[in-house]
Amino acid sequence: MNIDILLTGGTLPNGQTADIAIQGDRIAAIAPEITADPETVGEIIDISGDLVSPPFVDPHFHMDATLSHGLPRINTSGTLLEGIALWGELKPLLTEETVLDRALTYCDWAVSMGLLAIRSHVDTSDETALVGVRALLEARERVKPYLDLQLVAFPQDGFFRAPKAKDITLQALDMGVDVVGGIPHFERTMEDGRRSVTELCEIAAERGLLVDMHCDETDDPMSRHIEQLTYETQRLGLQGRVTGSHLTSMHSMDTYYVSKLLPLIAEAQVSAIANPLINITIQGRHDTYPKRRGMTRVPEMLAQGIRVAWGQDCVLDPWYPLGTADMLDVAFMGVHVAQMTSPAALRQGFEMATTAPAAILGLTDLGLAVGKRASLVVLDAADPIEALRLRPDRLLVVSKGKVVARKERRDTDLALPGRPASVNRRRPRR
């Protein structure tokens, strides 16, 4: 067979060494050794000793706000509520051109990091938010050849609280936004929050769409909208199509109540997304000591069989002044905060930035298997645990059968007094 790209000697996440043949936009073969006539191979790339991984996937991001840090001012308190207020000040200043430019810049960052699929929430609270909707719909089309951008209609100021949010959310869905979102804990009352979950899930059921709701992003242990989301999932037959994002109130909930809640989430096949960088930065701002860090109960959910993934959430925006589009940074922080340090847990932490979020987004054609889409990343690491430890360079990124990013390995020449000259590598070559 003709082969467009042949990767030789790579290490798969399970530790096996394999060659990978790419034909068109598909993985044509994976085997310990693939022999082919050089005349029939477009490019042979030696990746001996390097980790080959499925692409990184970010299941929770806000691309309409990204790279806007400092406009029109800084979030001085660092709280979620000031960030929302600051976003309200910024929205009237946005143009489609600036939102699109920042989105495309961020997508370039993402591709360089091997991040090839992103689910982004986009504000649908009022007419000014439609600037972001139109810009991100355009961005979705522009990056389609190399990056999957999935959009969530997100009435950030409250589906009922913001007077026009319902109409704008429906308009955004009519325009082609992919997923139904919400923010029940930001409604004026707990009852309004419950009603918003019900109505938004009904909209998704009627339209055959997925649901991804900001749920209980608060330190209040009595914020329990995930319970309503789980109930509506069962009532409307949405099993496997619903995600609860953040769930930070679970950090503060009574453990007995959580022991009742988690089996219900698992039964309804509701997925969960933790955003460790942002959750530990925003939550607990009103505490003295001990100070809560707010990330949801990841190990406990995993033990119940609930599908859990890491999300980036924010990069250089009204809520977060840092970030690089590197999902290994997110996973690195996540396994620390969740105390996931056994070998099995660390490997699971790596999967929570690759295969787990791909499943949540419904990207069933991603993965290292014959017939799957030829999208993958080669890392300067020997295995997933070393990748978490080092957050290494992405040496090669392939998207839909095309090499979209390359980077040379970085070693440091050492010349230390009293010692022979040497080369320092971030990891031992094996």
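Summary table below
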read-out	value
Residue check for residue 351: of a type in the set (Asp, Glu) and assigned by TED's automatic domain parsing to the domain that holds residue 17	no
In the range 334-345, the residues that are in a helix (DSSP H, G or I) and surrounded by fewer than 20 Cβ atoms within 10 Å (Cβ to Cβ)	336, 337, 343, 344, 345
Test: residue in the range 13-26 that is in contact with a Lys or Arg (Cβ under 6 Å, 6 or more places away or on another chain) and either surrounded by fewer than 20 Cβ atoms within 10 Å (Cβ to Cβ) or farther than 20 Å from residue 371 by Cβ (or both)	yes
Residue satisfying condition, being free of Cβ contacts under 8 Å to residues at least 24 places away in the same chain and at negative phi, within set 413, 380	413
Search result, residues across the range 231-262 that are among the β-branched types (Val, Ile, Thr) and either farther than 27 Å from residue 330 by Cβ or in a strand (DSSP E or B) (or both)	242, 243
Some residue of the range 158-180 being aromatic (Phe, Trp, Tyr), in contact (Cβ under 8 Å) with a residue 40 or more places away in the chain and farther than 23 Å from residue 297 by Cα	yes
Failed item, numbered, when residue 79 is tested on (1) surrounded by fewer than 18 Cβ atoms within 10 Å (Cβ to Cβ); (2) within 26 Å of the chain's Cα centre (by Cα); (3) more than 30 Å from residue 243 (Cα to Cα)	(3)
Failed item in (1) outside the structural domain of residue 77 (by TED's automatic domain parsing); (2) within 19 Å of the chain's Cα centre (by Cα); (3) more than 24 Å from residue 22 (Cβ to Cβ), with residue 394 passing the rest	(3)
Hits in the range 53-67 (condition: of a type outside the set (Val, Ile, Thr), part of a loop (DSSP other than H, G, I, E, B) and crowded, with 21+ Cβ neighbours inside 10 Å)	54, 55, 62, 63, 64, 65
Options 17, 76, 40, 35; residue that is under 30 Å from residue 349 (Cβ atoms) and β-branched (Val, Ile, Thr)	17
Filter result (small (Gly, Ala, Ser) and buried (at least 17 other Cβ atoms within 10 Å of the Cβ)) within the range 243-296	244, 245, 249, 252, 268, 271, 272, 274, 284, 294
From 177, 152, 211, 197, residue being among the β-branched types (Val, Ile, Thr), modelled with pLDDT of 95 or more, touching a Gly at 6+ places or on another chain (Cβ under 7 Å) and not in a helix (DSSP H, G or I)	152
Test: residue in the range 307-317 that is closer than 30 Å to residue 394 by Cβ, touching a His at 6+ places or on another chain (Cβ under 8 Å) and surrounded by fewer than 22 Cβ atoms within 10 Å (Cβ to Cβ)	yes
Single residue of 223, 196 found to be surrounded by fewer than 23 Cβ atoms within 10 Å (Cβ to Cβ) and either over 16 Å from residue 119 (Cβ atoms) or not assigned by TED's automatic domain parsing to the domain that holds residue 268 (or both)	223
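The values are calculated or read from the model by the stated rules, or taken from the named source; none is laboratory data. Remember, predicted model here, so these are calculated numbers, not experimental data. Glycine also receives a Cβ, built like all others from the backbone with ideal geometry; neighbour counts cover every protein chain displayed.
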